[in-house]
1. Within segment 9-38, which residues are over 28 Å from ARG69 (Cα atoms), surrounded by 12 or more Cβ atoms within 10 Å (Cβ to Cβ) and without any contact (Cβ under 8 Å) to a residue 12 or more places away in the chain?
2. Among the candidates ALA49, ALA65, single out the residue that is modelled with pLDDT under 95 and surrounded by 13 or more Cβ atoms within 10 Å (Cβ to Cβ).
Amino acid sequence: MAGFGEWIKKIFDESPAQMAGALAGFVCAILVITIGFWNTILVVFLTLAGFVVGCLIEHGGDIRACLERFGRDRHG
């Protein structure tokens, strides 16, 4: 029988996006419990805004270049 650490490593290796989503959900749940719903929404919004600003700076203000990374087909 594999240990807990091996099981976690196997799940991260097989489906990293699902684990990242689960971790993000866990963090949001902790934030809602500790700082409240609306403050959590504010933190998420400001984080996304910072991501967009960083992407725009990285791509010289080209919004299409930022959006292209999300429009690509990742499976083919």
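The values are calculated or read from the model by the stated rules, or taken from the named source; none is laboratory data. The structure displayed is predicted, hence computed values, not measured ones. For neighbour counting, all protein chains shown are included, and Cβ atoms are generated from backbone atoms with ideal geometry for every residue, glycine included.
1. VAL32, ILE35
2. None of the others qualify; the one that does is ALA65.
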